[in-house]
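Undergrad: Mind having a look at this structure? Questions to follow.
Read the figures in this text as sums done on the coordinates, not as results from a lab. Everything numeric here is computed off the predicted structure, so don't read it as measured data. Every residue, glycine as well, gets a Cβ built from its backbone with ideal geometry; the counts of neighbours run over all protein chains shown.
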Amino acid sequence: MPALSVALGARSYPIHIGAGLLDDPFLYAPYVASRSVAVVTSNVVAPLYLSRVEGVLARAGARVISIVVEDGEQAKGWPTVECVLDALLAARFGRDSLVVALGGGVIGDLAGFAAAVYQRGIEFIQVPTTLLAQVDSSVGGKTAINHARGKNMIGAFHQPVAVVSDVLTLATLPERELRAGLAEVIKHGLVLDAEFVGWLEANLERLLGREPAVLEHAVRRSCEIKASVIAADERESGLRAVLNFGHTFGHAIEAGVGYGEWLHGEAVAAGMAMAAELSTRVAKLPRADFDRIAALIGRAGLPVRGPKLAAERYLDLMRVDKKAAGGRMRFVLLDSIGSAVVRGDVAEQLIREILAAATQ
């Protein structure tokens, strides 16, 4: 199928989605031929796909080095960035070099951030190998590392020059991570496409069964939704904020329990359930819509309740959320399935009630 495009003028780029794309040199050649290329990947993904990607890049005309880092959210910090930058400097990579991010969302965020800051910015390609990365983090140019006080607090907007999403890589994805990726798929429908939510309800078991054609549709529709939002609001000054539905609660969960204890998608799933409950109180979301949302999240094998942390801990973490403005927390809420709004007028006592009712 034809590539999607993220329409950003001179910085527009294609998103290639399909089965068997990982080994196609024609998808890489326009960006890597006669260039120095560093593949950044994790010690989990490397045994599965690194040699294949090294080979296809070499066939496309690149001089290739590989940088393998530890796997997991806990690796998304300054020490790992230093490791990547040291390797680029040791290999004498110049500003005409390029980074390939091969892996999940952590690798995409980390490698993209390293590319954004190395010699004031070099190009990079996203090659996502998890469902979460294919539908969300590989698209849109958000790159970041974590800080002890909050998730993704140190970063830059740095768009890739291309995204290559091979849905066959999802065959090796652990079941827990596949389900976590579905949280972001569900989110895209909840905020902007009620029809897609209906499709997910009808096809969830086929997605969990990893049928390639069904996965390809879910990835493509999610990317279509996200690409349209990014084209309208690249730097999250308005519309793009709706893509953070569930993330205010979710990021607080991740930081509160320790990065890596809950997968990002698991935290977002619980966060969406909390935000949906808050929506019934503030944004007039019908109770029937809340019930559909909770049922879909539960059917995906994802949590609908957050961990039992002190309310003050949740609130402290949510106050440093990147959507906060003027010292006030802002929440992405739903007034119906497929229709999101951003509200900054939520009473703190109401948030406390939601936390008390929706945590384990």
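Undergrad: At 0.36 nm per residue, minus the direct Cα-Cα distance, what do Arg210 and Leu315 gain on full extension? Give it in nm, one decimal, please.
TA: Working it through step by step, the gained length comes to 34.0 nm.
Undergrad: Step through the residues of region 29-45 one at a time and calculate ³J(HN,Hα) from phi using the Karplus curve (6.51 cos²θ - 1.76 cosθ + 1.60, θ = phi - 60°), rounding each to whole Hz and writing x for Gly and Pro.
TA: Each residue of region 29-45 in turn: 3, x, 10, 10, 4, 6, 10, 7, 10, 10, 8, 9, 8, 9, 6, 8, 6 Hz.
Undergrad: Choose one answer from Ala213, Ala111, Ala340: the residue with the largest mean-square fluctuation in a GNM of the chain with alpha-carbon springs under 10 Å.
TA: It is Ala213.
Undergrad: Please express the shape of region 210-360 as an equivalent ellipsoid: the semi-axes are the square roots of 5 times the eigenvalues of the C-alpha gyration tensor, given largest first in whole angstrom.
TA: 23, 19, 16
Undergrad: How far, in nm, would the chain grow between Ser12 and Glu175 when pulled straight, counting 0.36 nm per residue and subtracting the alpha carbon separation?
TA: My answer for the length gained is 55.3 nm.
Undergrad: Round to the nearest 10 and give me the degree value, 0 to 90, for the angle of helix 348-357's Cα axis relative to the longest principal axis of the chain.
TA: Long axis of 348-357 versus the principal axis of the chain: about 80 degrees.
Undergrad: Hey, how many Å between the Cα centroid of region 209-232 and the Cα centroid of region 294-310?
TA: So the two Cα centres are separated by 23 Å.
Undergrad: Quick one: plug the Kirkwood hydrodynamic radius of the chain (C-alpha pairs) into Stokes-Einstein at 4 °C, 1.567 mPa s, and report D in µm²/s.
TA: Reported coefficient: 63 µm²/s.
Undergrad: Run the count for the chain, please: Lys pairs, Cα-Cα under 14 angstrom, 8 or more apart or on different chains.
TA: Within the chain, the lysine pair count is 8.
Undergrad: On to the next question. Once the mean 1/r over all distinct Cα pairs of region 234-276 is inverted, what Kirkwood radius in angstroms do you read off?
TA: 10.6
Undergrad: According to a simple spin-label model (label point 7 Å from Cα along Cα-to-Cβ), what is the distance in nm between Val341 and Arg328?
TA: 1.4
Undergrad: Same structure again: From zero outward in steps of 10 Å, how is the percent of C-alpha pairs of region 53-181 spread across the bins?
TA: Answer for region 53-181: a P(r) of 13, 45, 35, 7, 0 percent.
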